[in-house]
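Chemist: Questions regarding the structure given below will be posed in turn.
The values are calculated or read from the model by the stated rules, or taken from the named source; none is laboratory data. Just so it is clear, the model here is predicted, and its values are computed rather than measured. As a convention, Cβ positions derive from the backbone with ideal geometry for all residues, glycine included, and neighbour counts pool all protein chains shown.
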């Protein structure tokens, strides 16, 4: 392989991949300015159009968490309303002091939204509440605030929050010189704030942080198995989205000079996903397009956005959008452009998937430099009396087993023997009901998955887990980045891994287009990129050709010199080539141990595999 | 604080919890058996309330009106399942969004059709007296209704062909269809059952909760939280969750104030979710 391959167009770094549409933001802002310039003849329209941009900003806050991070929040208007109220109170009391109104209301609004979102997000993510339940909670929160705001009365300085009467006399857009801006000035300020926020969000998503968020959206379990603390990332993005919503709320308060509890109403909340869906989910700029389209339609077709039959139309509209318009306006445009360039990247049903993986050329000479922990400690993994129960089923009954450096360890046993479940107990995917797990000298029984992965326990799960929408390179890069914490080193590491796996030619292909065997290799490569000192391989040879299996065997044996390797397999010939210490599991407990040749002589093992005689209890 | 007072406080807490249980069961059944959270559940309760109200205005006796309302809402639920839910199978978040759209469309339809305030039908003027304290007989009757609902559902899910097939289809849709159970038809029936229970709740609670377009939101907040706290088991989980949240909240509110009761309710919800993030019944061995 010569190095020119690395500089070829195929190798796109995640930053480039996510950033390839960076010009959308400023581009559309300029377009909006030009469009607005022609509207300036009508100040009323400029005034109304400002609110569309504010709603777009609110939509952006949802797109960030839902489109990019996979968390559907129906509580964005809660952060929006709180930002609006608190930003308004700040503006009322402090604008006399210095520097116009927005200097006070915007930071206070953003901060209030962020803190409140952090509080809610902390509960949801750090308790690991399920996705559906999280959505229900955000909605319940909005409804609670709506009910509470109606009777909530408080006076803070000059600001009077009057329950049903809301908060009035919020100062409008006042410049530094103390002048009240006209509608055109207001529009320009709102557009500027929105453009800056949008560009900051886009810049953030071009960083590794954004790549990790996308990984969490595609496969949270895999992201955590690579060692990422997904709760932290989810909480961070949720708080950021709360800040954006709060900022939008503060802008809205200044724009309308008045806020009422209806800002928390479900009618208001319903509009947010509509903006996102109309514009195109995950596009970030889409919510602005959606807000302008929805706002424009209701402006020119008559009736305010909220009032009359609008809620009825919006409600039915949401159903229709969800059922029929999956990609939104911008998504559809992007699809058309992509088709024009002949590069539909995610054509899952198309014939682009290779069914055999003969193109792989494993280059094991590359391997030595890639693995091995620098620690002086002898790595080992040990369980004592591990028990895992699910209702009436106990897949792991009582396993005390120790794996240390030296020979490869193999776990065999008939289906349902508890092999995969045991590995899941080791990685922390399952918490033990009783017993304990040790890593070296440390007890890790209660450690979460990411902490175990960071300490050096890596697993290739039974079904290969890759990040479908990312290309092969990015998949490896994201794993290496967790280990190095540095984009440049991760780049070098993942290139070496690509070369070792012989996947260089496919570096730019989405992982979803790889064959089953190639995905297995990619997954193994990802785990190796995290430089584990204990490597668990669950059925690694499944889907591989004979040639590949031979490579795999060699790979595992080389690895075993530096790393503790535990292999779960059904392929006895493969196990024989590993010269392994074999443990037979049966009905959730260790049944026998020895070399594969010793075990072959053991009649009892044939019995349990064939399900005959007294070793098989009735289930 | 006398013994009478404690007795009456417990009785009224039980009836408050029963109201919540009646309002939640339909949501819980649909969530437990289909994995769908129906955000239009509150508006289906409202649908039932208006159906019952209109029937009584036409001179139908109240018990019959309750039956009519239940049937009408169930039918409506079946239509919703066929037109919307079925097409979004496997897209959980999209299903929620669609039912949310439905929720607001129904709310606004009710505003347009009936205005925002409608007269109630009034509670039967009987009271149960304990010592010097009294509680409305209808509230006590609702405890009986809640218990009957749970018992009826238990019977339906364990003793009838539908119940056994529905549970089979949930356990393993593929195997179930291989042995001739049409899981899509099961889903229609299950969703209709959930909607019917919502309609029943709206109708039977009509003397307590007058029909208004926004009644759904008010009733749904606690129902949503209760289902999240309950977890996947529609009967045992829901009864436990509401037994804990509702009764404790009810006692708190009868000792201090309604606001304190609500605060207690939400606080307990958060506490339970910290301990059992997927609901208290998520790890139970029992499966109903």
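Chemist: Go through segment A:400-420 and report how many residues are more than 22 Å from residue A:227 (Cβ to Cβ) and part of a helix (DSSP H, G or I).
Modeler: 1
Chemist: Just to check your reading of the model, which residue among A:508, A:502, A:517 is touching a residue at least 60 places away in the same chain (Cβ under 8 Å) and farther than 29 Å from residue A:410 by Cα?
Modeler: Checking each option against the conditions leaves just A:508.
Chemist: If a residue must be within 13 Å of chain B (Cβ to nearest Cβ) and either assigned to a helix (DSSP H, G or I) or buried (at least 23 other Cβ atoms within 10 Å of the Cβ) (or both), how many such residues does segment A:122-161 contain?
Modeler: 25
Conditions tested, residue by residue: (1) farther than 30 Å from residue B:161 by Cα; (2) more than 11 Å from chain A (Cβ to nearest Cβ).
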site	(1), (2)
B:207	yes, yes
B:210	yes, yes
B:224	no, no
B:229	no, no
B:254	yes, yes
B:272	yes, no
B:278	no, no
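Chemist: Taking helices (runs of 4 or more DSSP H) that do not extend beyond segment B:158-231, which have at least 2 residues that are more than 17 Å from the chain's Cα centre (by Cα)?
Modeler: Passing ranges, in order: B:161-171, B:173-178, B:183-204.
Chemist: Follow-up question, since we're still on this one. Of the residues that make up segment B:224-238, is at least one surrounded by fewer than 21 Cβ atoms within 10 Å (Cβ to Cβ) and without any contact (Cβ under 8 Å) to a residue 40 or more places away in the chain? Walk me through how you get there before you give the answer.
Modeler: We begin by selecting, within segment B:224-238, every residue surrounded by fewer than 21 Cβ atoms within 10 Å (Cβ to Cβ); these are B:232, B:236.
Okay, now just the ones that are also without any contact (Cβ under 8 Å) to a residue 40 or more places away in the chain, so none.
Among the residues of segment B:224-238, not one is surrounded by fewer than 21 Cβ atoms within 10 Å (Cβ to Cβ) and without any contact (Cβ under 8 Å) to a residue 40 or more places away in the chain, which makes the answer no.
Chemist: Out of A:227, A:282, I need the residue that is within 14 Å of chain B (Cβ to nearest Cβ) and at positive phi. Which one?
Modeler: The match here is A:282.
Chemist: Residues that are in contact with a strand residue (DSSP E or B) (Cβ under 9 Å, 6 or more places away or on another chain), crowded, with 17+ Cβ neighbours inside 10 Å, in a helix (DSSP H, G or I) and at negative phi: does segment B:28-51 have at least one?
Modeler: Looking for residues that are in contact with a strand residue (DSSP E or B) (Cβ under 9 Å, 6 or more places away or on another chain), crowded, with 17+ Cβ neighbours inside 10 Å, in a helix (DSSP H, G or I) and at negative phi, one finds none in segment B:28-51, hence no.
Chemist: With respect to the numbered conditions (1) within 19 Å of residue B:237 (Cβ to Cβ); (2) within 14 Å of another protein chain (Cβ to nearest Cβ), which one is the sole condition not fulfilled by residue B:29?
Modeler: (2)
Chemist: Would you pick out the residues in segment B:87-99 that are at the interface with chain A (Cβ under 7 Å from one of its Cβ atoms) and within 18 Å of residue A:63 (Cα to Cα)?
Modeler: Correct list: B:92, B:93, B:94, B:96, B:97, B:98.
Chemist: Test each condition in (1) surrounded by fewer than 22 Cβ atoms within 10 Å (Cβ to Cβ); (2) modelled with pLDDT of 80 or more; (3) within 14 Å of chain B (Cβ to nearest Cβ) for residue A:307 and report the one that comes out false.
Modeler: The number of the failed condition is (2).
Chemist: Sticking with this structure for a sec: Going by the conditions given, is residue B:117 surrounded by fewer than 17 Cβ atoms within 10 Å (Cβ to Cβ) and either within 11 Å of chain A (Cβ to nearest Cβ) or under 22 Å from residue B:215 (Cα atoms) (or both)? Talk me through it step by step, then tell me what you get.
Modeler: Values: surrounded by fewer than 17 Cβ atoms within 10 Å (Cβ to Cβ): yes; either within 11 Å of chain A (Cβ to nearest Cβ) or under 22 Å from residue B:215 (Cα atoms) (or both): yes.
Judged against the criteria, residue B:117 is a match.
Chemist: Which of (1) within 26 Å of the chain's Cα centre (by Cα); (2) within 13 Å of chain B (Cβ to nearest Cβ); (3) buried (at least 17 other Cβ atoms within 10 Å of the Cβ) does residue A:119 not meet, given it meets every other one?
Modeler: (3)
Chemist: Here is a follow-up. Considering only segment A:536-550, state which residues are modelled with pLDDT under 90 and more than 17 Å from residue A:515 (Cα to Cα).
Modeler: Within segment A:536-550, just A:550 meets the criteria.
Chemist: Quick one: is residue B:143 more than 11 Å from every other protein chain (Cβ to nearest Cβ), assigned to a loop (DSSP other than H, G, I, E, B), under 22 Å from the mean Cα position of the chain (by Cα) and more than 25 Å from residue A:325 (Cβ to Cβ)? Please lay out each step first, then the result.
Modeler: On the way: more than 11 Å from every other protein chain (Cβ to nearest Cβ): yes; assigned to a loop (DSSP other than H, G, I, E, B): no; under 22 Å from the mean Cα position of the chain (by Cα): yes; more than 25 Å from residue A:325 (Cβ to Cβ): yes.
Spelling it out, it is not the case that residue B:143 is more than 11 Å from every other protein chain (Cβ to nearest Cβ), assigned to a loop (DSSP other than H, G, I, E, B), under 22 Å from the mean Cα position of the chain (by Cα) and more than 25 Å from residue A:325 (Cβ to Cβ).
Chemist: Evaluate segment A:175-182: report whether one residue or more is assigned to a helix (DSSP H, G or I), touching a residue at least 40 places away in the same chain (Cβ under 8 Å) and not assigned by TED's automatic domain parsing to the domain that holds residue A:531.
Modeler: No.
Chemist: Quick check on this structure: which one of A:338, A:386 is outside the structural domain of residue A:454 (by TED's automatic domain parsing) and either modelled with pLDDT of 60 or more or under 30 Å from residue A:606 (Cα atoms) (or both)? Lay out the reasoning, then the answer.
Modeler: Values: A:386 fails: outside the structural domain of residue A:454 (by TED's automatic domain parsing).
Going through A:338, A:386 in turn, the sole match is A:338.
Chemist: Go through segment B:84-118 residue by residue and tally those that are under 25 Å from residue B:55 (Cβ atoms) and over 21 Å from the mean Cα position of the chain (by Cα).
Modeler: Total meeting the criteria: 10.
Chemist: Can you tell me which of B:56, B:73 is away from chain A (no Cβ under 14 Å), crowded, with 20+ Cβ neighbours inside 10 Å and assigned to a helix (DSSP H, G or I)?
Modeler: B:73
Chemist: What pairs can you find where one residue is in segment A:73-88 and touching a residue at least 12 places away in the same chain (Cβ under 8 Å) and more than 14 Å from chain B (Cβ to nearest Cβ), the other is buried (at least 24 other Cβ atoms within 10 Å of the Cβ) and in a loop (DSSP other than H, G, I, E, B), and their Cβ atoms are less than 9 Å apart, with a gap of 6+ or different chains?
Modeler: Sorted first by the residue in segment A:73-88, then by its partner, the pairs are A:79/A:73; A:84/A:170; A:87/A:170; A:88/A:170.
Chemist: Here's a follow-up. Hey, does segment A:231-241 have a residue that's at pLDDT 90 or above, within 14 Å of another protein chain (Cβ to nearest Cβ) and either assigned to a helix (DSSP H, G or I) or under 22 Å from the mean Cα position of the chain (by Cα) (or both)?
Modeler: Yes, some residue in segment A:231-241 is at pLDDT 90 or above, within 14 Å of another protein chain (Cβ to nearest Cβ) and either assigned to a helix (DSSP H, G or I) or under 22 Å from the mean Cα position of the chain (by Cα) (or both).
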